[in-house]
Amino acid sequence: MFKEKNIWNKAEGKTTPEMKYIIEKPPKGDRVKRFLEIFAVILKHSNYRPILEQYVKISAKCSRCSVACHIYQVTQDPKDIPCYRSELLLRIYRRYFSLEGSIYGRLFGGYELKEEDIDEMAESFWKCTACRKCVLECPMGIDHGLLTHLARYIMAEMDLVPRALLISTREQLEGKTRNTSAIPWIGMADSIEFLEEEIKEMHGVDVKFPIDVEGAEYMFITPVSDWLMEAESLMGIACAMSAGGVNWTMSSKVNDAINYGLFYSDAILKRNLLVIAEEFKRLKCKKILMGECGHATRSAWFMPTYWEGGNPPEIVHCIELTHKLIKEGKIKLDPNVVTERVTYHDPCNIARQSRIIEQPREILKSFCKDFVEMTPNRSENYCCGGGGGTVSIDEIRKYRTSVGGRRKAQQIIDTGAHWVVAPCANCKKQFRELMEDNKVDGELVGLHDLILKAIIFDK
């Protein structure tokens, strides 16, 4: 559904890849009518209307957000300014769904939604990584990331979704494996035995991955990618839980925290969360523990919205728990293991609202001798360039790494760090590709990868 082409970049005096949205099989029928019908239904059954009513009454065109957008900083294309993109959707709401706009339109005419407008939105809203850094700069407080999500939600109901996201979501919801990578449980069980053997060889202790333990304090759920591509993160988390004496379990039935609904559909977001909730109730656990993934954790934070029966569980990120165990003296880390320079990337989904900011830094500073910050950092960090689900679309890798990730690549270079810590499954994939494509020296790891190296077990 996407292709790339090179365009001349006036600001930098060279060509850069552009992402172009291609509809391989346009939906049948009147797309304009369908778009408006879906928009109307979403407004009726959600709380988007009060937000949109506020936004259409204030200016969304000052372009101050351009200084925060990592995409616009590279392309210098006015169509990549966040408020330009948001206006594509707001003008539709203003004309067809606000009282003043609908009356004015019937009496005097004005803007009318056309097929080419839908094509422009389909292209524009998938360029946005929904990192929401622009929100920090908007003087009127407009959440352009939220508007990106809403526009994608409408288009998802029209089947205008990147194939990679659609296929992964379908496998998680309807497939036999119930995970986005289509890995059968027997394969994961084999991986567990291998990881336990690896930990035994590294540290000389038996660390187990408990499975389907009823009544555990924490039900741990992590992105399926940790089982294959980020095994060191998974082993590090298991070691931290073991050393800290945590009562935890994993599930053999729900083993993927990835929730692509956060990127394009409230309906899919809800369905994925309800699957987790059902398993949590079956195992009779007390809290949900999330692995190293920004979007999976932010998705889980929506659990109280959809929880049925009252008393939703507390959602705990593994970094928060590890930080607590270190502060209590239950986890000890060797300060002489990690000697190279270390820097930390704040995943947008857990840092933009300052939810998980200082804990990872305090952990790293407790055992890493040479820690340096990227600039800017914390809630004002730059997106890795693969946010909003775009990292899953391999067809646009060149665009992601040369445009979306260029600002982040330069941040890494400026730190001179060897270890680049990014505690997020999507960020990890994007970082490896942008570091390779931009020839950035260094090694990408999760935070618990370094904990795995430095943890000290009492034998």
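Taken together, the values in this text are just the output of simple stated rules run on the coordinates, not laboratory data. Small disclaimer: the values here were computed from a predicted structure and weren't measured. Here the Cβ is made from the backbone with ideal geometry for all residues, glycine too, and neighbour counts use every protein chain on show.
Each of the peptides 252-261, 106-115, 175-184, 161-170 was scored by the mean count of other Cβ atoms within 10 Å over its residues; in descending order, highest first, they stand as 252-261, 161-170, 175-184, 106-115.
Relative to the 2.2 N^0.38 Å rule of thumb, region 342-394 has a C-alpha radius of gyration ratio of 1.24.
Counting 0.36 nm for each residue step from Q410 to V32 and taking away their Cα separation leaves a gain of 131.9 nm.
To the nearest ten degrees, helix 358-367 and the longest principal axis of the Cα atoms of the chain are 30 degrees apart. Count Lys and Arg as plus one, Asp and Glu as minus one, and take only other residues whose Cβ is under 13 Å from that of K286; the net charge is then 0.
For the chain, the longest principal axis of the alpha carbon atoms and the long axis of helix 99-108 meet at an angle near 30°. With label points built 7 Å along Cα→Cβ from the Cα atoms of M140 and K398, find their separation and express it in nm. According to this spin-label approximation, the distance is 3.8 nm. Comparing Cα centroids, region 143-195 and region 383-459 end up 21 angstrom apart.
Based on DSSP H segments of at least four residues, each scored -39500 (n - 2.57), the chain has a per-residue ellipticity at 222 nm of -13500 deg cm²/dmol.
Taking the Cα centre of the chain as the origin, how large is its charge dipole in debye, to the nearest 20, when only Lys and Arg (+1) and Asp and Glu (-1) carry charge on their Cβ atoms? All intermediate terms of the calculation are to be shown ahead of the outcome.
On the way: 64 positive and 64 negative charges, 293 e Å.
Roughly 1400 debye for the chain.
Spin-label model, C62 to D119: label points 7 Å out along the Cα-to-beta-carbon direction sit 3.5 nm apart.
Give the shape of region 299-412 as rounded, prolate or oblate, defined through the alpha-carbon gyration tensor: a ≥ b ≥ c are the square roots of its eigenvalues, a/c under 1.5 means rounded, and otherwise the shape is prolate if a/b is larger than b/c and oblate if not. Don't skip to the answer; put the middle values down first.
Details: a/c = 2.37, a/b = 1.03, b/c = 2.29.
Oblate, since a/c reaches 1.5 and b/c is not below a/b.
The structure-derived value of semi-axes √(5λ) of the Cα gyration tensor in Å appears in the list (i) 39, 26, 19; (ii) 36, 31, 23; (iii) 35, 25, 21 under the label (i).
Going through the cross-link list K332/K429; K286/K369; K200/K286; K44/K127; K176/K208, which pairs have a Cα-Cα distance over 32 Å in this structure? Could you put the intermediate results ahead of the total?
Numbers: K332/K429 29 Å; K286/K369 37 Å; K200/K286 29 Å; K44/K127 28 Å; K176/K208 26 Å.
Pairs exceeding 32 Å: K286/K369.
The M202 and A267 beta-carbon pair, evaluated with R₀ = 35 Å, returns a calculated FRET efficiency of approximately 0.20.
Summing charges over neighbours of S392, with a neighbour being any other residue whose Cβ is under 11 Å away from its Cβ, gives +2 when K and R count +1 and D and E count -1.
For K439, a cut-off of 16 angstrom between C-alpha atoms picks up these aspartates and glutamates, skipping any fewer than 8 places away in its own chain: D414.
Summarising the strand pairing of the chain, around 30 percent of its internal DSSP beta bridges are antiparallel. Using the Cβ-Cβ distance between I103 and H45 with R0 set to 30 Å, the FRET efficiency works out to roughly 0.80. Residues of region 250-276 falling in the label zone of Y306, defined by backbone nitrogen less than 16 Å from a point 7 Å along Cα to beta-carbon, are 254-276.
Compute the helix-to-body angle for 406-415: its Cα long axis versus the longest principal axis of the chain, expressed 0 to 90° and rounded to tens. Value to nearest ten degrees: 40.
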